[in-house]
Amino acid sequence: MCVASTRNLPKALALGAELREARKAKGYTLAALGARIGRSHDQLSRIERGLLGITVEDVATVLGVLGVQGQHRNDILQLAREAADPNWVATGVVRHLAMLTGYERAASRIVNVEPLLIPGLLQTMDYARSVMTSAGATPSEAEQRATHRMGRQNILTRARPVTFEAFIGEQALRYPPCDRAVMLDQLHALLKWARMEHVTIRALPFDGGYSPALEGPFILLEFPKGPSVVQLEHYRSATTLTEQGDVRDYQAAVDTIRQQAMSPQATERLIAKLTDEVEST
């Protein structure tokens, strides 16, 4: 059933997430499914976490046991065929979120560069819902996705939290894509996040000249074991980079952005000032 290690490969992680969701939808535990197909709990767990490869033929066997049919089955089999690809453009939001959530849970350090929006892991429920609705999500879709985003914040509040560094464009702080009350709560939330020891927030000033951040948002994820990866955020899609030459370019970009950004203390003063201004209007 199993092939070589696929640690940190984006399609392998997405394939594992799809298999896990299909298993849970049918009410199978890892042990129960393993007993049906003659494989161990540990093997299935590693496959679902994207750490161990699985052949296309054996994916088809698993899907047969779970009763997955039609286009959904075809999509999962296509993922299995491409699981060893190092880079991936993921269209849509569901598969991308499953992959990103898996990366976030495994990461030891995350750097998020966001020139125009508040980083997702720092957003309030109302801010996230407002942005998603404005981007075309239905109210129910926005509610579901925003709730999922709030759940992802567990990596910042758990017993051993991830180290998180956010670079936020001054535009995102001064000209929000939501109403005044929503942004006021968001600014208060940023101040709370900034006071956590493992969270660093730094603003990128308007007058800083050229910055790699102007090229668009991205997330650099570092792991205790295995190579780093980069997520490039697009409208309703994302690109995952695992080729280490590409990743090194983004690590160099982070070094440049870090030099250009305000200090954490100056950023906190700016956010507090903007909070006062919003409260007084």
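Across the chain, the mean sequence separation of Cα contacts (distance under 8 Å, 6 or more residues apart), normalised by length, yields a relative contact order of 21 percent. Each of residue 237 and residue 147 was given a label point 7 Å from its Cα along the Cα-to-Cβ line. The distance between the two points is 2.9 nm. Remark: the residue 269-residue 26 segment gains 82.3 nm on full extension, using 0.36 nm per residue and subtracting the alpha carbon distance.
Computed extension gain for residue 56 through residue 225, at 0.36 nm per residue and net of the alpha carbon distance, reaches 58.2 nm. Would you please state the base-10 log of I(q)/I(0) at q = 0.13 1/Å for the chain, with intensities from the Debye formula using one equal scatterer on every alpha carbon? After summing over all Cα pairs, the log10 values are -0.91. To the nearest 10 degrees, how steeply does helix 244-260 sit against the main Cα axis of the chain, on a 0 to 90 scale? Roughly 20 degrees between the two axes.
Given R0 = 45 Å, the distance between the Cβ atoms of residue 158 and residue 207 translates into a calculated FRET efficiency of 0.75. One decimal place: the segment residue 281-residue 171 gains 37.7 nm when fully extended, by the rule 0.36 nm per residue minus the C-alpha distance. Kindly express, to the nearest 10 degrees and within the range 0 to 90, the angle between helix 10-25's C-alpha long axis and the longest C-alpha principal axis of the chain. With rounding to tens, the tilt is 70 degrees. Can you tell me the relative contact order of segment 169-244? Whole percent, Cα pairs under 8 Å, sequence separation 6 or more. Worked out over segment 169-244, it gives 19 percent. From most to least packed by mean Cβ count within 10 Å, the peptides 168-178, 30-40 give 168-178, 30-40. Mind counting lysine pairs for me in the chain? Cα separation below 28 Å, and the two need to be 8 or more apart along the chain or on different chains. Going through the chain pair by pair, I get 5.
Sorted ascending by nearby beta carbons within 10 Å, beginning with the fewest, 56, 111 become 56, 111. Here's the picture: charge each Lys and Arg Cβ at +1 and each Asp and Glu Cβ at -1 in segment 147-253, and of 151, 219, 232 the one pushed furthest to the positive end of that dipole is 151. Rg/Rh, computed from the Cα trace of segment 185-228 with Rh as the Kirkwood radius, has the value 1.06.
In the chain, the DSSP-assigned H stretches of four residues or longer account for a calculated mean residue ellipticity at 222 nm of -16500 deg cm²/dmol, using -39500 (n - 2.57) per stretch and the full residue count as denominator. A Förster radius of 35 Å, combined with the Cβ-Cβ distance separating residue 249 from residue 78, puts the computed FRET efficiency at roughly 0.75. Each of the peptides 59-66, 247-254 was scored by the mean count of other Cβ atoms within 10 Å over its residues; in descending order, highest first, they stand as 59-66, 247-254. Counting only alpha carbon atoms, the long axis of helix 264-280 and the longest principal axis of the chain meet at about 70°.
Throughout, read-outs are computed from the coordinates displayed, never taken from laboratory work. Keep in mind that this is a model prediction, so the values were computed, not measured. Using ideal geometry, Cβ is built from the backbone for each residue, glycine included, and neighbour counts are taken over all protein chains shown.
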